[in-house]
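Undergrad: First the structure, then my questions, so here it is.
The values are calculated or read from the model by the stated rules, or taken from the named source; none is laboratory data. Just so you know, these numbers come straight off a predicted model, no measurement behind them. Just so you know, the surface numbers come from the protein's heavy atoms only, side chains and all, with ligands and any DNA or RNA stripped out. Shrake-Rupley method; radii C 1.70, N 1.55, O 1.52, S 1.80 Å.
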Amino acid sequence: MTTQNKIMQRNTKPDAKRIESWLIRIVVHIAAVITISVPVILIGYVLIRGIPNLRWSLFAWEYNSTNVSMMPAIINTIIMTLLALLPAMIFGIGGAIYLTEYAKKESLLVKCIDITAETLAGIPSIVYGLFGYLTFCIEMKFNFSLLSGGLTLAIMVLPVILQTTKEALLAVPESYREGSLGLGAGKIRTIVKIALPSAVPGILSGVILAVGRIVGETAALIYTAGTVAGVPESIMNSGRTLSVHMYALLSEGLYTEEAYATAVVLLLIVTGINATANGVAKSVAKKHQDA
């Protein structure tokens, strides 16, 4: 190979690398634009279609075919969220504490729980609905009720809370625990005062994901909580949430505009819950740092 050919080969290599970097940069920018555009377009479409259809009759206490009120669905959504979150948080956070603070990291039990949680997180919601229908509605004789729907959703979001809490606890530096134990604090006090406060932002992230899935769930609740459009007298009665209410209005084909208005309210509720949870997480993290 002549000297001139060697020089030409050296000059072409930087050009090829420059073209490759430009192509990668273009692909990354296109992906970023698409990622940002899709939710913006969806949210904008819902707001444009829904806001003009909001009216006071949609917030009447009683539902009927004239006002198509969503107020009973709003109340049912709040009740359903509490019924699902309470047991899911208790067992999810408690299980994560055991897996990270007490169980052996490489034990067969921990590996089995991790695989099971990951598998359950990917199961379609309608499968959970059929399971809840057979277990809570038929076998346990809860029938179509808010309790059946809440327990079904608790099982559905349990893997999410378990996994996120576990990862948040694992992210807490081990030196924090060692320092607490070295100062004479016990195991439980170290977990409650050191590990959990440090992991609160991560735990709340899991709770936010769980709330989003609870509020937006439809298929599982149709099989377990039913679709009665009214405020139930107790958790043993049937009731529809906002997502089920919106699905019912769209499926009937007579209240499409009211369904879009319901979507706006549902979007605002989820946004408010997320903002509140993020505010709480930042406040707790700041207090923990100041302490």
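Undergrad: At 1.4 Å probe size, what's the solvent-accessible area of C137? Round to the nearest 10 Å².
TA: Its accessible surface works out to 10 Å², give or take rounding.
Undergrad: Below 8 Å between Cα atoms, with a sequence gap of 6+, how large is the relative contact order for the range 162-286 in percent?
TA: Details: 104 pairs, mean separation 30.6, N = 125.
The normalised contact order for the range 162-286 reaches 24 percent.
Undergrad: Further question on the same structure: Leaving ligands, DNA and RNA out of it, rank I93, I222 by accessible area with a 1.4 Å probe, largest first.
TA: Working: I93 35, I222 55 Å².
In descending accessible area the options line up as I222, I93.
Undergrad: Can you sort W22, W56 by 1.4 Å-probe accessible area, starting with the largest?
TA: Details: W22 140, W56 220 Å².
Listed by decreasing accessible area, they come as W56, W22.
Undergrad: If you don't mind, another one. Among the lysines, select those whose C-alpha is under 27 Å from the C-alpha of K17, and discard any that sit fewer than 8 residues away in the same chain.
TA: Partners within reach: K6.
Undergrad: I'd like the accessible area for V27, computed on protein heavy atoms only with a 1.4 Å probe and all protein chains in place. Round to 10 Å², please.
TA: Approximately 90 Å² for this residue.
Undergrad: Expressed in whole Å with the largest first, what are the equivalent ellipsoid semi-axes of the chain derived from the C-alpha gyration tensor as the square root of 5 times each eigenvalue?
TA: Numbers: eigenvalues 350, 216, 76 Å².
They are 42, 33, 19 Å, listed from largest to smallest.
Undergrad: Please state the Cα pair-distance histogram of the range 90-160 with 5 angstrom bins from zero: what percent is in each bin?
TA: 3, 16, 22, 19, 16, 12, 9, 4, 0
Undergrad: From the helices alone, meaning DSSP H stretches of at least four residues, give me the mean residue ellipticity at 222 nm for the chain, per-run term -39500 (n - 2.57), in deg cm²/dmol to the nearest 500.
TA: On the way: 11 runs with 209 residues, N = 291.
Roughly -24500 deg cm²/dmol at 222 nm, from the helical runs in the chain.
Undergrad: Rounded if a/c is under 1.5, else prolate if a/b is larger than b/c, else oblate: which is the range 25-134, with a ≥ b ≥ c the root eigenvalues of its Cα gyration tensor? Let's see the in-between values first.
TA: Details: a/c = 2.86, a/b = 1.38, b/c = 2.07.
Oblate, because a/c is 1.5 or more while a/b does not exceed b/c.
Undergrad: Accessible area per residue of the chain at 1.4 Å probe, in Å²? Write down the numbers at each step before the final one.
TA: Working: 16790 Å² over 291 residues.
With all protein chains present, the chain gives 58 Å² per residue.
Undergrad: Could I ask something else about it? Using protein chains only and a probe of 1.4 angstrom, how many square angstrom of L209 are accessible, to the nearest 10?
TA: Surface open to solvent at L209 totals about 110 Å².
Undergrad: Relative contact order for the range 89-159: what percent, with Cα pairs under 8 Å and sequence separation of 6 or more? Could the numbers behind the result be given before it?
TA: Details: 34 pairs, mean separation 25.5, N = 71.
Reported relative contact order: 36 percent.
Undergrad: What whole-number value in cubic angstrom gives the convex hull volume per residue for the C-alpha atoms of the range 186-291?
TA: Working: hull volume 14.1 nm³, N = 106.
Cα convex hull per residue, to the nearest whole number: 133 Å³.
Undergrad: Counting only protein chains, not ligands or nucleic acids, how are S175, S243 ordered by accessible area (probe 1.4 Å), most first? Write out the running numbers ahead of the final one.
TA: Details: S175 70, S243 5 Å².
Sorted by accessible area, descending: S175, S243.
Undergrad: In addition: If one takes the longest principal axis of the Cα atoms in the chain, at what angle in degrees, from 0 to 90 and to the nearest 10, does the Cα axis of helix 146-171 lie?
TA: For 146-171 against the chain, the angle is about 20 degrees.
Undergrad: Need one number: the % of Cα-Cα pairs in the range 99-212 sitting beyond the 20 Å mark.
TA: On the way: 3518 of 6441 pairs.
Of all Cα-Cα distances in the range 99-212, 55 percent exceed 20 Å.
Undergrad: Please report the spacing between the Cα centers of the range 209-225 and the range 78-129 in Å, no decimals.
TA: 17
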